[in-house]
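Rule-based calculations on the coordinates, nothing more; no lab input. On a predicted model such as this, the values are computed, not experimentally measured, just so you know. Using ideal geometry, Cβ is built from the backbone for each residue, glycine included, and neighbour counts are taken over all protein chains shown.
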Amino acid sequence: MFWLGWISRNLRDKQNTKRILDIGSNIFWLIGIASNYEVDMVDVRDHPLADYFPFKMTIGDAVSLPFEDNSFDAVTFPQLLHWMGTAAYGREIDVNADHAVLSEIARVMKADGIGLFITFVVPGSGVFKIGGRRLYGIEDLETTIRRAGLKIVEIVYYSPTFQQIPEGKLVAPTGRELVTGNPDEDICWAFLKVAKS
Ligand SMILES: C[S@@+](CC[C@H](N)C(=O)[O-])C[C@H]1O[C@@H](n2cnc3c(N)ncnc32)[C@H](O)[C@@H]1O
């Protein structure tokens, strides 16, 4: 869960942050976050204890967020983007779903808002896996972010063993990550802070 610590620190460091949207949440983390901010949460899956959450949970799809333009000081979506359009979580295959999600995030973010997210990256070209996680090539990820009307403020890479690494040390997929249920141990991470361009 070390990536959620990075997101929490970035929220704390952003002045005047009041209203936050989290998409596809880690519930325990978000319950803590809700003690400091006004929080909305969106997920395609319901939760049996949603009535007890200290934030408003809405069932919805990130490709079409049920919020007004310019609503949030920060939008957090760790470990969401790489599932988009891959037919995971009962959704349809759609290679452009990540573009739709990032465009929606840009729309609901305030002019001085930030987006904070984590995804998986590989050197060179990415891998689009039906039913699994998409692994982004850096160029592909940067282009997708830019096309959605966002710019990268910060990008930090981590090894599968949580060491911060330069882009040149990203490791290629071994194929083990294709095995259903296999955790994240073979794949490098990108932690990103984005803003409206
Ligand atoms: C791997 S979990 C991420 C959990 C958490 N954000 C974290 O970093 O630990 C992905 C979450 O995204 C949700 N999700 C998947 N597709 C979605 C979509 N199209 N719109 C909204 N939520 C989605 C899933 O239901 C799940 O709760």
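Against the globular-protein guess of 2.2 N^0.38 Å, express the Cα radius of gyration of the chain as a ratio, rounded to two decimals. Walk me through the numbers before you get to the answer.
Values: Rg = 16.0 Å, N = 197, 2.2 N^0.38 = 16.4 Å.
The reported ratio for this selection is 0.97.
What is the angle, in °, between the Cα long axis of helix 2-13 and the longest principal axis of the Cα atoms in the chain? Nearest 10 is fine, range 0 to 90.
Rounded to the nearest ten degrees, it is 40.
Working from Cα positions, state the angle (0 to 90°, nearest 10) between the long axis of helix 97-108 and the longest principal axis of the chain.
That helix lies at roughly 30 degrees to the long axis.
Could you please rank HIS82, HIS99, HIS47, placing first whichever residue has the fewest other Cβ atoms within 10 Å of its Cβ? Each step should come with its number before you reach the end.
Working: HIS82 24, HIS99 18, HIS47 14.
The fewest-first ordering by Cβ neighbours comes to HIS47, HIS99, HIS82.
Using helices alone, I'd like the mean residue ellipticity at 222 nm for the chain: each DSSP H run of four-plus residues gives -39500 (n - 2.57), total over residue count, nearest 500. Working shown, then result.
Details: 4 runs with 41 residues, N = 197.
Computed ellipticity for the chain at 222 nm equals -6000 deg cm²/dmol.
Can you tell me the orientation of helix 138-147 relative to the chain, as the angle in degrees between its alpha-carbon axis and the longest Cα principal axis, to the nearest 10?
The angle comes out near 40 degrees.
Most exposed first by the Cβ proxy, i.e. fewest other Cβ within 10 Å, how do MET57, MET84, MET1, MET41 rank? It would help to have the intermediate numbers written out before the result.
Numbers: MET57 20, MET84 26, MET1 8, MET41 23.
Fewest-to-most ranking of MET57, MET84, MET1, MET41: MET1, MET57, MET41, MET84.
Across the range 187-197, in residue order, what do the Karplus-derived ³J(HN,Hα) couplings come to in whole Hz, using 6.51 cos²θ - 1.76 cosθ + 1.60 with θ = phi - 60° and x for Gly and Pro?
Using θ = phi - 60°, the values come out as 10, 7, 10, 10, 9, 10, 10, 10, 9, 5, 8 Hz.
With r defined as the distance between the Cβ atoms of ASP112 and GLU154 and R0 fixed at 22 Å, what FRET efficiency is calculated, to the nearest 0.05?
0.90
By the scheme Lys and Arg +1, Asp and Glu -1, what is the net charge of all other residues having a beta-carbon under 14 Å from that of MET41? Each step should come with its number before you reach the end.
Details: positive: ARG19, ARG45, LYS56; negative: ASP22, GLU38, ASP40, ASP43, ASP46, ASP51, ASP61.
Net charge in that neighbourhood comes out at -4.
Hey, what does the equivalent ellipsoid look like for the range 12-81, semi-axes from the Cα gyration tensor as sqrt of 5 times each eigenvalue, largest first, whole Å?
So the three semi-axes of the range 12-81 are 18, 15, 11 Å.
Which value in nm describes the separation of the simple spin-label points at GLU167 and ILE31, placed 7 Å from the Cα toward the beta carbon?
4.0
Tally Lys and Arg at +1 and Asp and Glu at -1 over the other residues with C-beta under 13 Å from the C-beta of ALA50: what net charge comes out?
Numbers: positive: ARG45, LYS56; negative: ASP40, ASP43, ASP46, ASP51.
Overall, the nearby charge balance is -2.
Provide ASP186, ASP22 in ascending order of the number of other Cβ atoms located within 10 Å of each residue's Cβ, fewest first. Each step should come with its number before you reach the end.
Working: ASP186 19, ASP22 28.
The order, fewest Cβ neighbours first, is ASP186, ASP22.
Once you mark the GluC sites (Glu not before Pro) that are in a DSSP loop and have at most 13 other Cβ atoms within 10 Å, what is the longest gap between them in the chain?
On the way: sites that count: GLU68, GLU92, GLU185.
For GluC sites (Glu not before Pro) (loop position, at most 13 other Cβ atoms within 10 Å), the longest site-free span of the chain is 93-184.
Name the residues whose placed amide hydrogens come within less than 5 Å of the amide hydrogen of ALA34, ignoring near sequence neighbours (fewer than 5 apart) on the same chain.
none
So how far apart, in nm, are the two label points at ARG146 and ARG12 if each is 7 Å from Cα heading toward Cβ?
Inter-label distance under the simple model: 3.4 nm.
Local charge sum around ALA88 (other residues, Cβ-Cβ under 12 Å, Lys/Arg +1, Asp/Glu -1)?
On the way: positive: ARG45, ARG91, LYS129, ARG133, ARG134; negative: GLU92, ASP94.
Result for the local shell: +3.
Please name whichever of ILE31, PRO48, VAL95 sits farthest to the positive end of the charge dipole of the chain, dipole taken about the Cα centre and charges placed at Cβ: Lys and Arg +1, Asp and Glu -1.
ILE31
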